[in-house]
Amino acid sequence: MLRYIKIKNFALIRSYEIEWGKGLNVLSGETGAGKSIILNAISFALGARSDKQNIRNGESELRVEIAFDDLKEKTLKVLDDLGVERCDYLIVVRTLNIDGKSEIRANGGLITQTMLKTITSTLVDIYGQFDLYSLLNVKEHLNILDSIAGDLVIEPKQEISELLAKRKDIDERLSECYSEPGERARVLELLNYQVDEIERANLKDGEEDDLKSQKEKMLSVEKIASNLNKLTLIADEYADIGLLGLLRECTHALETISDIDVEYQDLYERLNSASLEIEDIVDTSRSLADGLYYNQDELESIEARLDLYASLRKKYGADLHSINEYHKNALVKIDEIVNNEKIIERLQADRAVIDIQLKSACQKLTDIRKRVATQMEQGILKELADLNMKGASFKINFEEREPNNSGQDEVEFLFSANVGEPLKSLAKVISGGELSRFMLAYKNVVAVKDAISTLIFDEIDAGISGDVGSKVANKLANISKNNQVIVISHLPQIVAMGDNNYLIKKYVDDGQTITSIDKIDEAGVIEELIRLSGLKDSESSLIYAKDLRNRASQLKKE
């Protein structure tokens with residue numbers, strides 16, 4: 001349930017907090033007082049598109065805070081899925097500055113506008129101009145029906161999408177098969193050349209890296225030989241006697257005293273061991289130097305092989321795996337061209353099976369929709385009867401079309417307001433007052449289906465008055481027994497039915513126009529009823545207003 005909204009620097013509102021109650025909340029006021037501002041602020045907090053034009057003149061930022069409590073499991077699950085802190089309440093704070101930068105927080109954590117709309121769609125349903133557009137736009141009727149069907153249509157629509165994707169793939173392959181013989185011959189020649197080129201190359205895993213290593217080593221032969229020879233030269237000829245000769249003399253010197261003391265013995269053994277290791281290093285270096293060679297023909301062969309790898313990678317893929325995949329796919333295409341007629345027969349048979357499955361899936365979806373449509377028709381007619389439209393007829397008409405991802409159905413809402421009048425397109429025959437009542441009936445049916453806690457109605461009383469206005473007021477009161485309802489109205493019958501009433505006023509303070517919203521007590525409600533009734537402030541007008549209020553109170557108890 002919507003608990004409160006705090007609005008700061010939004011249009012003509014400087015700073016106001018509204019606490020909402022259970023049941024029917026009615027906002028009224030003079031024309032132009034700013035009733036639409038309240039709805040716009042609520043919509044902004046619920047995720048509507050931001051507009052910096054809404055920032056109060058002279059201010060740099062607007063801020064709207066909205067709070068809900070008694071959250072239902074559906075909302076809690078959405079909060080969990082989006083990573084928003086799970087509480088038994090939800091507080092949303094949305095700001096917008098003069099630079100167009102917006103920030104949204106839910107229970108303290110930053111969220112996106114899309115996330116906000118996902119959350120609040122489980123909490124609040126607003127009837128406004130978009131709903132009118134949807135009802136009057138035939139292209140939206142199927143979406144409306146599917147929204148009521150909910151989860152029932154998800155699986156069959158998914159099945160249809162998958163089947164259509166398979167059929168599209170088959171059609172593309174058939175199109176290739178049906179291409180001109182000359183074109184197929186040219187493609188076949190190219191594919192055979194490509195397959196032959198890849199197969200003749202006889203590419204192997206790891207070969208390219210090995211070839212690169214061999215090439216690098218061959219190009220480094222001179223450097224390697226020079227340094228290995230330098231080592232052996234120093235070992236053999238340094239200081240006329242050579243490094244090894246010097247080591248041998250040092251070793252012999254220590255050997256002559258090694259038996260005198262254990263420390264000399266240890267020193268001798270260490271030097272002798274090092275001498276032997278150095279002799280082995282020198283012998284190995286000499287052997288490696290003798291084994292080095294530079295073969296120009298072999299280098300050219302390696303470079304040619306590496307060029308082949310580079311050429312094939314450029315043509316067929318970034319690596320050996322991609323080249324092999326290209327080779328495999330080319331063989332498949334060759335087979336399809338060579339066996340073109342058999343492939344066509346097989347694809348046609350596959351398409352025939354897909355068509356049967358698609359027809360079945362579409363019919364399954366149509367059957368679901370028709371069952372839901374019947375329930376929707378019955379629900380709306382019942383609601384319309386309660387709204388003094390017992391002679392009205394409503395039918396959801398189905399026409400079959402070529403299947404797409406939404407199935408095979410074209411849907412249109414047909415309507416007749418009076419007994420004996422033929423059903424015609426809702427968009428063409430319904431009047432303003434009838435549309436308001438139809439929308440109220442539709443929203444009531446949807447509210448029961450979606451279990452939305454809070455319903456907001458704007459201009460629900462457009463084009464109606466008198467007894468019809470009383471019927472609409474009664475219906476809103478009935479809905480508010482199980483839902484929190486917020487309605488902006490100018491009808492005294494609806495205002496009289498309010499459990500919580502709010503007066504919107506506009507005034508000038510210090511040269512600035514300001515809109516205020518105040519909850520009014522019983523005396524304030526009576527005063528507002530007198531104003532809305534157009535009666536003069538007299539004893540008779542007071543009696544009328546009190547009587548209207550009392551009758552509304554009695555009806556709510558029934």
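At-a-glance table
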| quantity | calculated |
| --- | --- |
| Distance cut-off 39 Å, percentage of C-alpha pairs in the chain lying past it | 58 percent |
| Net charge contributed by nearby residues that have their C-beta within less than 9 Å of Val487 (K/R +1, D/E -1) | -2 |
| Neighbour-count order for Thr454, Thr75, fewest beta carbons within 10 angstrom listed first | Thr75, Thr454 |
| Tensor-based shape of the stretch 101-200 (alpha-carbon gyration tensor, a/c under 1.5 rounded, otherwise prolate or oblate) | prolate |
| Share, in percent, of DSSP beta bridges within the stretch 451-517 that are antiparallel, nearest 5 | 55 percent |
| Rounded to 5, the percent of DSSP beta bridges in the chain classed as antiparallel | 75 percent |
| Relative contact order, percent, the chain [alpha-carbon distance under 8 Å, six or more residues apart] | 22 percent |
| Per-selection metrics, the stretch 140-295 (Cα): Rg and Dmax in Å | 39.2, 112 |
| Candidate aspartates and glutamates for bridging to Lys443, where Cα separation is under 16 Å - those fewer than 8 sequence places away on the same chain excluded | Asp125, Asp131, Glu140, Asp146, Glu377, Glu383, Asp386, Glu434, Asp458, Glu459, Asp461 |
| Where trypsin sites (Lys or Arg not before Pro) in DSSP loops with at most 14 other Cβ within 10 Å are excluded, longest remaining stretch of the chain | 205-389 |
| Shape category assigned to the stretch 43-184 from the gyration tensor of Cα positions, a/c cut at 1.5 | prolate |
| Distance from the stretch 240-315 to the stretch 135-152 (C-alpha centre basis), Å | 85 Å |
| Pairwise centroid distance, computed over Cα atoms, of the stretch 333-383 with the stretch 88-115, Å | 44 Å |
| For the stretch 339-354, Karplus couplings with θ = phi - 60° (6.51, -1.76, 1.60), whole Hz, Gly/Pro x | 9, 4, 5, 5, 5, 4, 4, 5, 5, 5, 5, 5, 5, 4, 5, 4 |
| Prolate/oblate/rounded label for the stretch 1-72 (Cα gyration tensor, a/c 1.5) | oblate |
| Reference-scaled alpha-carbon Rg (2.2 N^0.38 Å with N residues) for the stretch 221-361 | 2.48 |
| Anchor Lys52: aspartates and glutamates whose Cα lies under 14 Å away (excluding residues fewer than 8 positions away in-chain) | Glu61, Asp99, Glu103 |
| Too-long pairs where the Cα-Cα distance tops 19 Å, listed order kept, from Lys6/Lys35; Lys212/Lys328; Lys166/Lys315; Lys22/Lys519; Lys395/Lys481; Lys72/Lys481 | Lys212/Lys328; Lys166/Lys315; Lys395/Lys481 |
| Per-selection metrics, the stretch 293-422 (Cα): Rg and Dmax in Å | 32.4, 108 |
| Proximal lysines to Lys217, defined as alpha-carbon separation beneath 24 angstrom and excluding residues fewer than eight positions away on the same chain | Lys204, Lys230 |
| Relative contact order %, the stretch 1-147, counting alpha carbon pairs below 8 Å whose residues are six or more apart | 22 percent |
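Since every read-out is calculated from the coordinates, none of them should be taken as a lab result. Because the structure is a prediction, the values reported are computed rather than measured. Note that each Cβ is placed from the backbone with ideal geometry, even for glycine, and that neighbours are counted across all protein chains shown.
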